[in-house]
Amino acid sequence: MAVPSRVLRSEWTKIRSVRSTVWTLGVAALVTIALGALISALVRHDFTRLSPHDKQVFDPTFVSFAGTGLGQLAMIVFGVLVVSGEYATGMIRTSLAAVPRRGVLFTAKLTVAALLALAVGMLTSFAAFATGQTLLGQYRAALGDPGVLRAVLGGGLYMTLITVFSMAVAVMLRSPLLSLGVLMPFFFLISNILANVEVTRKFGAYLPDQAGQHIMRVVPDGDGAPYGPWGGFGIMCLWVAAALMTGYVLLKRRDA
Amino acid sequence: MIEAVGLTKRYGAKTAVYNLSFQVRPGAVTGFLGPNGSGKSTTMRMILGLDEPTAGQVTVGGYPFRRLPNAPRQVGALLDAKAVHGGRSARQHLMCLAQLSGIPARRVDEVLGVVGLQSVAGKRSKGFSLGMGQRLGIAAALLGDPQVLLFDEPVNGLDPEGILWVRNLMKQLASEGRTVFVSSHLMSEMALTADHLIVIGRGQLLADMSVRDFISYNSADFARVRTPEGEPEQREKLTSALSEAGGQVLPEQDGALRVTGLPLPRISDLAHGADVRLWELSPHQASLEEAYMRMTSGAVDYRSTADQRAGLMEPAPGMPPQGGAYGYAPGAPGQPMGPGGFPPGTVLPGYAEPPAAPQGHAPAPYGQSQGHAPAAAPAAPPAAPPAAPAAPPASAPDMTKRDSEDAR
């Protein structure tokens, strides 16, 4: 197994040695934590004015993750740049000439980036939870409450899966502009619209981000999603697996 | 050792490489020549397993590249000097490549020294010039100390010092028993660097021979013979005398004759026998560049043409197009064209009298091109005879073809 470990080390060097890594991951963490803190502070201030329904489904843990929707966009940029940086520069040909077995390169690159995303995602998730709960004051949840630890760990996993999904899409599309042009509007707007418009709601609930976000909830929202937190996470995993398979097959077949 | 057998690559309807078979042997620099778009880079990519051949196969040391054990230690390649992530420093770029093949970090600094980039090793490669990029690419190819090296146009963008360095590096690598395969579109460069040549055009093999053979086949000695200016009948006489004696006679652009197959003293004797005076009889050697151009002339995809600047000209009714190729400008009426005014190749051996006898023009020996052009072109009246400019282009392509056939 000497070759895969070398390739992993090489990919680690690659990912460390470009500035975009620090920037994108830093922005992802910052936006997620800061926006979560802001919303938490606002909710605490306005809690008494919430409708009875909103009070009933009030989920302090999920409130502190309110920044995830925006923060994940920076994770998407990170994922796309890790992959398409090689294609856009032509570095991929140098890399593939050195690692003729494309599966090894593909796996190593995704593993390194996914582990990094996991580390950053987990840190972000715990930090966002801690900050959010502090700001929520008397409405806060504790890590020991039932389901809370799962939701916080889930926040880190969600960030990781979004990154892996983006990387797989970037492997398919190769161009950074095209990949970002597809992924950003989709996760920022389209999936939210599809999940909230009455006609498409049933279908929208099965989109990767909509399904995956359920793992960050402790109190189910009133939507009556046909799956639980882990069920939703499983659906997201299926999406990611499908994207990875497609990306791998294309990489294997295509001329570099 | 690189071996290609029936290598073919199609991109949709376009065939980039067709039925290419060759061997690249160790211990020599093999030059890979061809015009732009002839399939050199595609072939290189197929050797490296980056592109899958449509048909045929290519192996390195007996293995298809993708199944080669520890490929980076066996094959080093420079494909594209700009194929580097611009945000990464030169050292980091080489470091991640070194780690891929388990090469110690020490080696990275070694190769940086070899290519002379130590001073900018920590700089981001975004700011590198093309020449620095080539050096970085060569460093990457040398990293694994491989037995097989591929370089795609390594001297592009290098300064003269760099070109000399690459030339010596290739030779040195080959002398160490390595297989060195270098692509270029410059014959002159390959003549200095390579031991063996593989020439392709439009994706097909045109030549596979040693440089020495290429030189002896293609740059045969020839003699330049010039008969007195303004006496075409003398030239005709000499042409037929030389042809009868077994020589091959080709007219040159400036009105001289290029004679192959006869030694100089014999040409002199024949001229004396035919009672023809000579103004010039000199030994010459065709350049390799010329031979290469002849070889690939049928296989050039992107050919430049004279810039007519038609879109920039104010339309003048009846004016013949200006800015044509040298020698195509029509003469003023009543003023015949000088000998230098004939376009390349209009005067064929055995051809009838030239269109206009050159009496009215006072020819200055060896100076025709300056003498006629300013006089003829601006003086051209609106109603220039249309036949004069139309005729020469028709015969010109004929001539080039004949030229290449005769020379082989």
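What follows draws every value from the coordinates through simple rules; no lab data is involved. Because the structure is a prediction, the values reported are computed rather than measured. Using ideal geometry, Cβ is built from the backbone for each residue, glycine included, and neighbour counts are taken over all protein chains shown.
Per-structure values
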{"quantity": "Chain A: DSSP helices with Cα axial extent of at least 15 Å and average Kyte-Doolittle hydropathy no lower than 0.0", "calculated": "A:19-46, A:68-89, A:102-136, A:148-173, A:229-253"}
{"quantity": "Highest-fluctuation residue, A:Val43, A:Val197, A:Val63 considered, GNM on chain A with Cα pairs under 10 Å", "calculated": "A:Val197"}
{"quantity": "Cβ-placed point charges (K, R +1; D, E -1), dipole of segment A:4-253 about Cα centre in debye, nearest 20", "calculated": "1040"}
{"quantity": "Segment B:1-61 and segment B:77-149: distance between their alpha carbon centers, rounded to Å", "calculated": "25"}
{"quantity": "Most mobile listed residue (A:Thr134, A:Thr89, A:Thr111) in chain A, GNM with C-alpha springs under 10 Å", "calculated": "A:Thr89"}
{"quantity": "Helix-only mean residue ellipticity at 222 nm for chain A, each DSSP H run of n ≥ 4 adding -39500 (n - 2.57), per residue, nearest 500", "calculated": "-25000 deg cm²/dmol"}
{"quantity": "Using alpha carbons only: equivalent-ellipsoid semi-axes of segment B:125-230, gyration tensor based, whole Å", "calculated": "33, 19, 13"}
{"quantity": "Proximal charge balance of B:His284 [Cβ under 9 Å; K/R count +1, D/E count -1]", "calculated": "+1"}
{"quantity": "Euclidean distance of C-alpha centroids, segment A:48-106 and segment B:227-250, integer Å", "calculated": "81"}
{"quantity": "Cα gyration tensor shape of segment A:4-253, rounded if a/c is under 1.5, else prolate or oblate by comparing a/b with b/c", "calculated": "prolate"}
{"quantity": "Residues with amide H under 5 Å from that of B:Leu149, placed H, sequence gap 5 or more", "calculated": "B:Gly76, B:Thr179, B:Val180, B:Phe181"}
{"quantity": "GNM top mover of A:Val171, A:Val104, A:Val77 - chain A, alpha-carbon springs below 10 Å", "calculated": "A:Val104"}
